[in-house]
Amino acid sequence: MSVRVRVAPSPTGFLHVGTAQSALYNWLFARHQGGKFFVRFEDTDKERSKKEFEEEMTQTLKWLKLDWDEEITVVSNNLPRHQEMLSKLLSEDKAFYCHHTKEELEAERKEQEEKKLPPRHVCGFKNNERGKEAGGIVRLKVDETSDRIIAFDDAIRGKVEFKQSLLGDFAIGRAADDPLYHFAVVVDDVDMKITHILRGEDHISNTPKHILIYEALGFSLPVFAHLPLLLGIDRSKLSKRHGDTAVANYMNDYLPEAIVNFLGCLGYTFSKEIISKEEMVQEFELAKVHKSGAIFDVQKLNWINSQWIKKLSPQEFKQKAGLPQIPDIVVPLITERLEKFSDAKEFSYLWQQPEYDPSLLKWKKGELSDAKSALEKVLESFKDISWDKETLKAKLDEIAGGDRGMVYWPLRAALSGKEKSPDPVELSLVLGKEEVIKRIDIAVKKLS
RNA sequence: GGCCCUGUCGUCUAGCCCGGUCUAGGACAUUAGAUUCUCAUUCUAAGAACACGGGUUCAAAUCCCGUCGGGGCUGCCA
């Protein structure tokens with residue numbers, strides 16, 4: 001049987017990096033197995049779900065190049081089916097209406113905590129006539145007297161067990177025509193013939209509930225696999241207070257290849273650290289996914305991004321960095337020292353004249369007057385010189401005598417207007433003779 | 001509180017299943033050095049971890065028990 005997996009985010013915000021990671025592992029598993037990967041929007045929470053978030057998530061998934069099979073589905077579109085299944089359970093007496101108020105339920109939960117009892121709602125309505133009267137929320141009947149152990153073999157963690165008696169009669173619908181997540185997700189996964197459910201570890205304790213729903217509905221179980229969570233610096237579940245959690249916030253500074261590479265390696269150890277998703281597909285094995293959560297460390301992301309940036313062709317770089325006007329020849333000078341695209345603007349001196357204070361021209365071992373005379377000598381000798389690396393270098397060394405800094409520093413400063421930059425010979429080569437002479441001339445005038 | 005998952009350098013991890021080859025390896029980060037006018041790249045080096053306590057064994061990061069720590073869930077959110 002062919003593998004079918006899905007990622008099912010709820011469209012209540014921008015695509016979270018954790019969701020992106022989950023999508024990636026589902027995608028990797030599907031592609032490795034030659035199966036199908038689907039995207040489904042879990043909009044059972046009508047209050048918070050928004051169409052614009054669906055659109056945003058779709059665009060972001062595309063940007064990550066995690067291609068899905070068939071059209072994206074939306075849970076609410078399957079509502080008639082959910083209602084049908086809910087009614088079925090109700091009529092088969094496997095589910096019932098709970099008429100307790102929120103206040104009563106809350107009081108019950110509070111009391112249970114105080115008495116150190118397991119938190120569960122064993123509903124008094126499940127076995128009396130009022131439980132059949134429509135109104136209130138719909139709960140699944142769970143036999144609290146059973147000593148059954150609900151167990152499943154997690155493809156990542158191995159055997160996981162829960163006592164059925166601790167579950168209580170959990171809610172599956174706000175009303176007979178309004179399914180809750182736990183119910184809708186099961187029905188949809190069945191309808192889509194999902195074979196493996198790879199989702200975040202935060203769903204482990206929901207799994208026994210889902211198993212009970214599968215059973216009540218008479219469907220066979222898929223394979224479950226719970227992915228480790230992405231953590232913030234304090235090791236709690238990654239959330240907004242830890243920084244940017246929306247993939248969208250990384251789109252301007254990072255390459256999708258870097259994000260995918262980073263996310264893939266947080267939760268799995270591949271044969272190498274810089275790896276494309278196609279290469280990941282080759283190696284991916286579900287059982288090798290890590291069990292414990294990993295901290296989302298931007299420093300590592302930055303390094304990975306810098307590695308991917310270095311692989312870019314000049315054309316690709318200019319387009320991604322939003323600098324289409326710059327000459328190809330300056331690109332390597334930038335990519336060699338770039339971690340994030342937004343930092344590219346620091347190198348504007350490569351395509352436009354820099355602004356700087358004349359004092360910058362003074363080298364630490366000399367005076368301003370030394371800089372001036374050095375620049376004048378360079379200016380003079382550059383006017384009629386062969387414009388290649390060896391010649392320029394030889395000439396500058398000759399002018400400098402023994403102390404290269406006396407010439408290199410002021411020249412480099414004159415060309416870049418920065419304390420830190422590529423060396424003056426490289427700058428001269430990419431800037432061109434005419435521009436170099438112009439900039440030296442400006443520098444000399446600043447010192448006059 | 002209850003239930004469940006998890007625990008190797010600061011971070012991501014290899015090793016653990018099938019005890020000895022582990023004076024615990026790699027990467028990021030940090031520090032120092034080489035190259036160098038500066039920065040970056042590159043290279044070299046250094047510091048840095050088996051949560052703790054028992055047990056089994058000739059031998060334990062690896063097996064067993066317990067403790068502690070971290071996290072998740074505990075909703076008419078997902």
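Laboratory data are not the source of any read-out in this text; all were calculated from the coordinates shown. Just so you know, these numbers come straight off a predicted model, no measurement behind them. Every residue, glycine as well, gets a Cβ built from its backbone with ideal geometry; the counts of neighbours run over all protein chains shown.
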Exercise. Which one of these is within 12 Å of RNA strand B (Cβ to nearest atom) and more than 26 Å from residue A:290 (Cα to Cα): A:188, A:143, A:202, A:154?
Worked result: A:188
For this session: Name every residue in region A:294-318 that is in a loop (DSSP other than H, G, I, E, B) and in contact with a helix residue (DSSP H, G or I) (Cβ under 7 Å, 6 or more places away or on another chain), in order of residue number.
Result: A:296, A:312
For this session: Only residues that are away from RNA strand B (no atom under 15 Å from the Cβ) and farther than 21 Å from residue A:355 by Cβ: list them for region A:401-448, please.
Result: A:433
Problem set entry | Options A:193, A:116, A:159: the member that is within 8 Å of RNA strand B (Cβ to nearest atom), under 18 Å from residue A:221 (Cα atoms) and not aliphatic (A, V, I, L, M) | A:159
Problem set entry | Verdict on residue A:65 being in contact with a helix residue (DSSP H, G or I) (Cβ under 7 Å, 6 or more places away or on another chain) and on the phi > 0 side of the Ramachandran plot | yes
Problem set entry | Single condition residue A:229 does not satisfy, out of (1) touching a helix residue (DSSP H, G or I) at 6+ places or on another chain (Cβ under 8 Å); (2) more than 8 Å from RNA strand B (Cβ to nearest atom) | (2)
For this session: Could you tell me which numbered condition residue A:257 fails, if it satisfies all but one of (1) under 13 Å from residue A:154 (Cα atoms); (2) under 12 Å from the mean Cα position of the chain (by Cα)?
Result: (1)
For this session: Among the residues of region A:25-82, write down those that are crowded, with 20+ Cβ neighbours inside 10 Å and part of a helix (DSSP H, G or I).
Result: A:25, A:26, A:27, A:28, A:29, A:30, A:31, A:57, A:60, A:61, A:75, A:82
Exercise. Among the helices (runs of 4 or more DSSP H) contained in region A:362-448, which hold 3 or more residues that are under 21 Å from residue A:349 (Cα atoms) and among the charged types (D, E, K, R)?
Worked result: A:433-446
For this session: Within region A:366-379, identify whether any single residue is surrounded by fewer than 20 Cβ atoms within 10 Å (Cβ to Cβ) and under 30 Å from residue A:324 (Cβ atoms), and answer yes or no.
Result: no
